[in-house]
Each structure stands twice: as structure tokens, then as C-alpha cells.
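Below: one structure, written as C-alpha cells.
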Amino acid sequence: MFKQLSTRNLNWIWITVAILLVFEIVFFHGGSLISAFISGFFVYFSWKRLHSLGWKIVFAIAVISFILNVFNLLAVRFLIVVAIVVFILNYVKSTKEPSKEEPELPNKTGLKEEDPLIQVDNLFDERFFDDFRTEETAYQWKDVNMHGIYGDRIIDLSNTVLPYDTAVISIRHIVGNIEIYVPYEVEVSIHHSSIFGRASIFGEYHGRLMNKSLHYETKNYSTAQQRVKIVTSLFSGDIEVKRI
């Protein structure tokens, strides 16, 4: 539905959403936003313990509370109104304009055909609220590019065969810890930024990171054929990178 909108219009929508969230925080002291965050925490916490009947009840109540609080947010109501308006406009437009099928054009001699693309599956399935860990058995390496809201991220590179190239690990996360285990023979570059948290990178310990960035490289990183580039950002959480 929103694919029909131009990038400029989408940007204005997200700016309006951000303004409404700030408005709710400033004038309503957080209002439903804080309640939604608390109920969301209980959803995640109880979801990990669903084997117990009591936690199943807590989970159900937390889900209902989370949904009600989310739909009570001004920003969410605004998005719902926008979605309805866009749906109506698209429907009216589709009824007025007859569908036009693009004619099939024969391949012209001398024109270079585009190379076929192969879709590669990600190492992790994207989920906002969950822990991620690489398999404890051997697995095929694929570059990591992921983001999340809550949970821990654990990547063990000792159970895979890294390419003789630059393997990339990019993690953008809000709340949670990141642990990365690197084999001794692999050179590493780490660029980490954090608002609140701690960092332990190959024995270099930083006990308090307050809106700070760190950048480390092993000695032979620039000349190594087999190396790992790690780029991480956290709002609140710890990072640990160590040899294994």
C-alpha cells in the first residue's frame, strides 16, 4: 500500500509520527507510550516462560494490554488514518484507470542482457524481540546485517568457514547484549558505538560508554586475506568480542 507513495511523502509521514511521539511524551508524560513499553517487556519476559500456566495468563494479559496501549498512541492512530486514506485513493485510482499491460518487446540484437540475480537467504530471520545465536554445529557463513529492539545477539565464528575475503557483521540494536567469538587466525576490525553500556574487546575493557564510539583493528587487518569487519551500534547494552 505505502509502496505507491513517493519517498518524500513517506519521509513526511515518519517526521509527523516522530513529532506526535514527542508531543505525547512532553504533554502527556509518556502516556500510553510508557504503558506500551512496560506491557511489551512483560510480553517478551512471559513469552520465554510459556511452559507454566501462570506465565501463559500473564502473557495473554500483557498482549492485550500492549495492543490496547499501542492503538491508543497518537502516532499509531495517525498511521491508521493515513493507511485508510491511501487505500481509498488507490482504490479510486484503480477503478478510474484501466489496467495497461506492457507489450512484450523482442530482444534487440546487440543489447546486453542484465546478469541474473540469485537471492541469498539470511543467516538470521529478522525479529524485533528475540535472542539470536548462531548454530552450535557447523553452518555456512553468510554476511550478517541485522537490527532489533530487544534481546541478545551471539555469533560464534568458530563453527563456520570464513571466506578468504572480508566477512561483514553489521548489527544495529536498541536494548541487549552482543557477543562475538572470533578464531585466533582471523584478523578483525571493530567499530562500535553505544549510548549506554560497556565493552570488552580482546581484553580492552571499557566500563562506561556514554554516547561514545570505539574503533579497534588487529595488527595485520589491512593486509590479511581472511578478515572480519564488525560494525555494531547499541542504545543500551554490552558488547564482548573475544578469541576462541
Output for the range 206-244, where each listed residue is under 26 Å from the mean Cα position of the chain (by Cα), open to solvent by 70 Å² or more (accessible area, probe 1.4 Å) and farther than 22 Å from M146 by Cβ: R208, M210, N211, K212, E217
Search result, residues across the range 13-33 that are at pLDDT 80 or above and open to solvent by 90 Å² or more (accessible area, probe 1.4 Å): I19
Listing of strands (runs of 3 or more DSSP E) fully contained in the range 80-180 that carry 3 or more residues being at pLDDT below 85: 144-150
Residue in the range 150-167 that is surrounded by fewer than 18 Cβ atoms within 10 Å (Cβ to Cβ), within 20 Å of H191 (Cα to Cα) and of a type in the set (V, I, T) present: yes
Number of positions in the range 217-244 that are within 15 Å of V168 (Cα to Cα) and either touching a helix residue (DSSP H, G or I) at 6+ places or on another chain (Cβ under 7 Å) or in a strand (DSSP E or B) (or both): 9
Candidates E204, E217, E187, E136 - the one that is over 29 Å from F45 (Cα atoms) and free of Cβ contacts under 8 Å to residues at least 24 places away in the same chain: E204
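The values are calculated or read from the model by the stated rules, or taken from the named source; none is laboratory data. Quick caveat: nothing in here was measured; it's all calculated off a predicted structure. As a convention, Cβ positions derive from the backbone with ideal geometry for all residues, glycine included, and neighbour counts pool all protein chains shown. Protein only, heavy atoms only, side chains kept; ligands, DNA and RNA dropped before computing areas. Shrake-Rupley method; radii C 1.70, N 1.55, O 1.52, S 1.80 Å.
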